[in-house]
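The values are calculated or read from the model by the stated rules, or taken from the named source; none is laboratory data. Everything numeric here is computed off the predicted structure, so don't read it as measured data. Neighbour counts are summed over all protein chains in view; Cβ atoms, including those assigned to glycine, are modelled from backbone coordinates with ideal geometry.
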Amino acid sequence: MKIYVIGNIHQAEEIKKKISDKYSIILINSLDEVAQETTAVIFDFAFDDSPDDLEQYTELPNLHLFVNATRISLAELLLLADTNLPNIYGFAGDPTFLERSVIEVTAHHNNLNDAEELFSDLKLNATLVDDRVGMVTPRIIAMIINEAFYTVMEGTATRKDVDTAMKLGTNYPMGPFEWADAWGIAPVYELLEALHLDTKDERYKICPLLKQEYLRVAYS
């Protein structure tokens, strides 16, 4: 079995840390480098949560596909793509989540029984979570970042104060604004937008100050 990564060197090195030493990581730019008859595992960091991105994988029958997709559930993704890939997983592969010792993974209901067997074979250091938009940790951190922006916008505290309070008071490794900088304001905004659309929960309603920063970055 061959292990491929569509992404960059850092992402390939992080995946290597989380799987068995018996497997080598092959960094590729496109699926043209994957032989159809080969049993393969692909970690796709270039995936943009679009159903159209799945079409390229339908011709690979012996594939276990991991897509970096937090803004859409696998069930909805496959429904919109009108396809039924046999073995597809979602994982939290954005900056700050990929670098954790354990990778967060979802599995489609068609391959839940195979997930633990695959993880065991790969010795993949992963935890399996429900197939939901935002998974678990990205959802929580995005909501905390959003609340931090509200706190600053309302004049309750400065960004530095909020970061310091979260690190000292809750023992978080980073404050919310430090985390937003490391993760990227665009993925934070886009995940909150997807969560609010999916749940209609007011907790995910994007703070105007966060939106301003997103627009400044997006159109600068």
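Values for this structure:
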quantity: Among residues of segment 72-96, those that are surrounded by fewer than 21 Cβ atoms within 10 Å (Cβ to Cβ) and either assigned by TED's automatic domain parsing to the domain that holds residue 142 or within 21 Å of residue 8 (Cβ to Cβ) (or both), counted; calculated: 3
quantity: Subset tally (residues that are in contact with a Gly (Cβ under 6 Å, 6 or more places away or on another chain), touching a residue at least 24 places away in the same chain (Cβ under 8 Å) and part of a loop (DSSP other than H, G, I, E, B)) for segment 44-80; calculated: 3
quantity: Test: residue in segment 113-122 that is of a type outside the set (D, E, K, R), under 15 Å from the mean Cα position of the chain (by Cα) and modelled with pLDDT of 90 or more; calculated: no
quantity: Hits in segment 53-67 - residues which are more than 18 Å from the chain's Cα centre (by Cα) and of a type outside the set (Phe, Trp, Tyr); calculated: 55, 56, 58, 59, 60, 61, 62, 63
quantity: Odd one out for residue 37, checked against (1) modelled with pLDDT of 90 or more; (2) more than 17 Å from the chain's Cα centre (by Cα); calculated: (1)
quantity: Filter result (out of contact with any His (no Cβ under 7 Å at 6 or more places or on another chain), within 13 Å of residue 146 (Cα to Cα) and either free of Cβ contacts under 8 Å to residues at least 24 places away in the same chain or part of a helix (DSSP H, G or I) (or both)) within segment 202-220; calculated: 202, 203, 208, 209, 210, 211, 212, 213, 214
quantity: Some residue of segment 28-43 being closer than 27 Å to residue 190 by Cα, part of a loop (DSSP other than H, G, I, E, B) and free of Cβ contacts under 8 Å to residues at least 40 places away in the same chain; calculated: yes
quantity: Only listed residue being over 23 Å from the mean Cα position of the chain (by Cα) and of a type outside the set (Val, Ile, Thr), chosen from 209, 215, 197, 192; calculated: 209
quantity: Count - residues of segment 164-176 that are surrounded by fewer than 20 Cβ atoms within 10 Å (Cβ to Cβ) and either among the β-branched types (Val, Ile, Thr) or over 25 Å from residue 49 (Cβ atoms) (or both); calculated: 9
quantity: Where residue 155 falls short, out of the listed (1) surrounded by fewer than 14 Cβ atoms within 10 Å (Cβ to Cβ); (2) assigned to a helix (DSSP H, G or I); (3) among the small types (Gly, Ala, Ser); (4) at pLDDT 95 or above; calculated: (2)
quantity: Residue match in segment 125-146 (condition: part of a helix (DSSP H, G or I), of a type in the set (Ser, Thr, Tyr) and more than 14 Å from the chain's Cα centre (by Cα)); calculated: no
